[in-house]
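Single-structure report; data block below.
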């Protein structure tokens with residue numbers, strides 16, 4: 001199964017892909033070494049903005065970005081365009097709903113972090129739109145998709161469902177009255193400390209396979225690199241904060257990392 005359009009295997013596409021690889025390694029280094037960590041969540045919750053409002057903006061503006069440019073760009077009724085639109089909008093819409101109705105926030109987020117992550121996600125959303133809706137011709141869709149579209153969409157759904165499930169398990173650990181740290185249990189938590197990160201990576205790999213563009217695979221690598229680094233720090237944090245935390249659990253990939 002070919003997962004890259006043949007006409008995308010050119011010098012410019014490979015150059016952009018390599019830039020993403022280098023950027024991903026840099027993000028991993030800064031997160032892994034803690035030389036520069038974004039100001040949100042349990043690692044660094046000092047900031048000026050309410051976390052719930054900040055996180056909602058982080059996901060809502062990229063959603064608007066993709067929808068706006070999608071509606072402005074004429075496309076055919078091919079399933080290729082529709083499924084990718086559904087996947088991207090469903091991802092960001094799900095995250096918005098989780099912020100509003102599922103997650104509990106106790107700290108703050110810095111305005112700079114909010115602006116940076118919002119810009120990053122909006123850029124990713126636009127890059128996907130640019131590749132899919134402006135570079136992909138109907139002829140390419142008809143001749144080049146085959147089973148990759150359905151395989152990618154299946155991976156996307158698997159990742160999203162798993163991500164939501166493990167977010168629900170994490171939510172059950174939070175007590176509104178008392179702030180205490182508990183050992184996550186259930187699902188893939190038996191094997192890794194951040195199955196929700198792993199699930200998100202799987203979902204983005206699915207989107208990349210659906211699009212068949214190198215740049216989307218590159219952007220997925222950037223996000224995966226950051227999440228791997230953050231998962232390792234999450235494991236360190238758990239071991240520091242929670243007595244008798246299971247030492248045999250990996251951070252993000254069962255039996256590997």
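Read-outs throughout are calculated quantities, based only on the coordinates presented, and are distinct from any laboratory measurement. Please read all numbers here as calculations on a predicted model, not as lab measurements. Note that each Cβ is placed from the backbone with ideal geometry, even for glycine, and that neighbours are counted across all protein chains shown.
Each label point is 7 Å from the Cα along the Cα-to-Cβ direction; what then is the distance between the points at residue 9 and residue 135, in nm?
1.5
Which of 156, 101, 28 ends up with the largest GNM mean-square fluctuation for the chain, with Cα atoms connected below 10 Å?
Judging by the Gaussian network model, the answer is 101.
How big is the shadow of the Cα convex hull of the range 73-173, averaged over all directions, in nm²?
Averaged projected area of the range 73-173's Cα convex hull equals 7.9 nm².
Could you work out the relative contact order of the chain, using alpha carbon pairs under 8 angstrom and six or more residues apart, expressed as a whole percent?
Normalised by residue count, the contact order of the chain is 29 percent.
I want to verify a result. In a Gaussian network model of the chain, Cα cutoff 10 Å, which of these has the top mean-square fluctuation: 62, 246, 195?
Highest fluctuation among the options: 246.
To the nearest 0.05, how large is the calculated FRET efficiency for residue 123 and residue 50 if R₀ is 25 Å and r is the Cβ-Cβ distance?
0.55
Quick one: if you stick a label point 7 Å off each Cα along the C-beta vector at residue 104 and residue 239, how many nm between them?
2.7
Which residue, 168, 58, 205, has the most motion in a Gaussian network model of the chain that connects Cα atoms within less than 10 Å?
168
How high is the relative contact order of the range 37-145, in percent, with contacts defined as C-alpha pairs under 8 Å that are six or more residues apart?
Relative contact order here is 47 percent.
Assuming R0 = 41 Å, can you tell me the calculated FRET efficiency for the pair residue 150 and residue 172, based on Cβ-Cβ distance, to the nearest 0.05?
The value I calculate is 0.75.
Where does each of 103, 167 land when they are ranked from fewest to most other beta-carbon atoms within 10 angstrom?
103, 167
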